[in-house]
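Take a look at the structure below.
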Amino acid sequence: MVAWDVIGALVTLAGSVFLLLGAIGVARMPDLYNRMQAGTKATTLGNLLTLTGLGILMPSWLPKILLIAVFVLVTNPISSHALARAAHAAGIPLAKGSVKDALDHDREAR
Amino acid sequence: MADTILLIALVLAAGAVLLAVLRLLRGPTAADRAVALDVMTLVFVPGMVALAVFSGRKIYLDVALVYGVLSFLGVMSLARYFDRGI
Amino acid sequence: MWPRSFEQPDVRPDEERSLRPFICLSAGLLALWLTLTWSLDPQEVATGLVVSLVVASVARSAVHSVTGCPGSILRRVAWSLAYIPYLLRAIIAANIDVARRVVNPALPIRPGIVKVRTNLESPLGRLFLTSSITLTPGTLTVETSGRELYIHWIDVEADGIEEASERIVRGFERYLERIFG
């Protein structure tokens, strides 16, 4: 079953490409919120793909590996949201080029 | 063939960790560092699963799962801390 | 544990003493346990049963405001199954979009926080909506207040509430309002 090995490895490779792209985003983006966009979330697809690829390499473990992937998929947005929310409440500003901030506007109106 | 592809994948993942470390060192705010740590977690979890697959020890899958849980709790408590202090 | 915005203010008192949320929660925990252990050994099942009953009785008051047993289960399960590929496709498309922006030397982004409005009533549905929005790269839920969500958008295409809601929320909502009613 050499073919399955190669497919699994290729899926893993595709995943690690997304992991790298997400990390490039974290390094390049101008402010915290954009870094979260590129970083924490562009990497979730990378995470999903690498885990699936490794699951294909080891089919008998696939259910458990997919469970880890689902866990990441469920918890990641919750912690990202909490962090972004806290950061905005703590007054971490948006980058200079940002178009608008409806939340800041509404807070001041209150 | 498969081994070569996986080696390339490992190099790319290592590059991702390096870039995250760069952001971890540069900051500028604590929340940025938290994001960098979160990215590193997302790389390390499949890394641990890879370790489990290649060493053939299924117990490492549980290590990866618990690591994911702890990282989630860590980011949540950091967010709570930024919001209103401990 | 949850961010404050996910907590539901109006607790229905008649459900508080009912056994249904407790049974649902223990069944869910037991299912998770069985997936994790991946065996039907009587000892494993017994341990899982005891642990999930204990955890459910401790956690019930914290969790019951966002859970509740779905009524017509089959219809909801069907829509949930249809939602998974929809969400996956949205995640992949958005990931490629963000990846393209990241590697472009000019870094073409127009970030900003926009306000959108959801029609979803159920708190669990809103939790899934905000999580799905956050999971799709390019949009990130920063704050919620009732029906209104504040979303950090990496490339602001539409300014008004209606247009922005149309672009960001409606697609997910179509599924979620049928799943959570």
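What about A:Ala95, is it crowded, with 24+ Cβ neighbours inside 10 Å and modelled with pLDDT under 85? Give the steps one after another, and end with the answer.
On the way: crowded, with 24+ Cβ neighbours inside 10 Å: no; modelled with pLDDT under 85: yes.
For A:Ala95, the condition - crowded, with 24+ Cβ neighbours inside 10 Å and modelled with pLDDT under 85 - is not met.
Step by step: first the residues of the range A:5-28, then only those that are closer than 18 Å to C:Ala106 by Cα and free of Cβ contacts under 8 Å to residues at least 12 places away in the same chain, then the one that is most open to solvent (accessible area, probe 1.4 Å). Which residue is that? Step through it out loud before you land on a result.
First, the residues of the range A:5-28 that are closer than 18 Å to C:Ala106 by Cα: A:21-28.
Narrowing further to those that are free of Cβ contacts under 8 Å to residues at least 12 places away in the same chain: A:27-28.
Numbers: A:Ala27: 15, A:Arg28: 90 Å².
Out of the qualifying residues, it is A:Arg28.
Listed here are the residues, each with its yes/no results for (1) more than 7 Å from every other protein chain (Cβ to nearest Cβ); (2) among the aromatic types (Phe, Trp, Tyr); (3) not in a helix (DSSP H, G or I).
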| site | (1), (2), (3) |
| --- | --- |
| A:Phe18 | no, yes, no |
| A:Gly22 | no, no, no |
| A:Asn34 | no, no, no |
| A:Gln37 | no, no, no |
| A:Lys41 | no, no, no |
| A:Thr44 | no, no, no |
| A:Asn47 | no, no, no |
| A:Ser60 | yes, no, no |
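Within the range A:78-88, can one find any residue that is more than 22 Å from B:Leu25 (Cβ to Cβ) and outside any helix (DSSP H, G or I)?
no
Could you list, in sequence order, the residues of the range C:131-160 that are facing another protein chain (nearest Cβ under 7 Å) and in contact (Cβ under 8 Å) with a residue 40 or more places away in the chain?
Initial filter on the range C:131-160 (facing another protein chain (nearest Cβ under 7 Å)): C:131, C:134-135, C:137-138, C:140-143, C:150, C:152, C:154, C:156.
Hits for the range C:131-160 are C:Leu135, C:Pro137, C:Gly138, C:Glu143, C:His152, C:Ile154, C:Val156.
The values are calculated or read from the model by the stated rules, or taken from the named source; none is laboratory data. All values derive from a computational prediction rather than experimental measurement. Glycine also receives a Cβ, built like all others from the backbone with ideal geometry; neighbour counts cover every protein chain displayed. Protein only, heavy atoms only, side chains kept; ligands, DNA and RNA dropped before computing areas. Shrake-Rupley method; radii C 1.70, N 1.55, O 1.52, S 1.80 Å.
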